[in-house]
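The values are calculated or read from the model by the stated rules, or taken from the named source; none is laboratory data. Source: prediction; values computed, not measured. Because the Cβ atoms are built from the backbone with ideal geometry, glycine has one as well, and the counts that use them run over all protein chains shown. Calculation scope for accessible area: heavy atoms of the full protein, side chains included, ligands and nucleic acids excluded. Shrake-Rupley method; radii C 1.70, N 1.55, O 1.52, S 1.80 Å.
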Amino acid sequence: LILFLVTASALAQASQSRPVVQPAAPPIAAAIGSEPVAVWSASPQAPPLARWLGSVGADPRLEVQVVVRYASGGRAAAIAQANEIAVAGGPRAAAARILVEPGPRSGASVSFVYASETQSAPLPLAQ
């Protein structure tokens, strides 16, 4: 019992002498796990992107997400295409989340998603 009390006392004093270290901020989290609410793909029948974004995405909580996939060797062209799409989207796409990634075939889409970094970041542990 005495050994337990001595150990507990020593641990309590040791924990009081250490400075309190604030936890690091959570890492930047890509919030791309959300299901799209609406999707636009370039085609002859598709409306212009800026008009589509204005008519479909009235909810300010919706974020614009541009996804461009490229086949082997097409990375630079895909990055340029993603920028062109964001510019063509007008003001609604000014803060678009842009994802350029390799894939089995090239293509692009624009979607509206309910996502934000704060929703996808882990919650702090209870103290």
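Odds and ends about this structure:
- The set of residues in the stretch 22-34 being at pLDDT 70 or above and under 12 Å from the mean Cα position of the chain (by Cα) consists of Ser34 alone.
- Residue ID - most open to solvent (accessible area, probe 1.4 Å), chosen from residues in the stretch 90-107 that are within 15 Å of Ser72 (Cα to Cα) and at pLDDT below 90: Arg105
- Candidate set from the stretch 76-89 (those that are open to solvent by less than 40 Å² (accessible area, probe 1.4 Å) and of a type in the set (A, V, I, L, M, F, W, C)); member that is nearest to Gly107 (Cα to Cα): Ala78
- Residues that are within 15 Å of Ser41 (Cα to Cα), more than 17 Å from the chain's Cα centre (by Cα) and hydroxyl-bearing (Ser, Thr, Tyr) within the stretch 71-115 comprise just one, Ser106.
- Checking each residue in the stretch 55-68 for being more than 17 Å from the chain's Cα centre (by Cα) and closer than 16 Å to Val39 by Cβ picks out Ser55, Val56, Gly57, Asp59.
- If you go through the stretch 51-75 and keep only what is more than 14 Å from Ser111 (Cβ to Cβ) and in a strand (DSSP E or B), you end up with just Tyr70.
- Taking the criterion of being among the small types (Gly, Ala, Ser), surrounded by fewer than 17 Cβ atoms within 10 Å (Cβ to Cβ) and at pLDDT below 85, the residues of the stretch 35-75 that qualify are Ala42, Ser43, Ala58.
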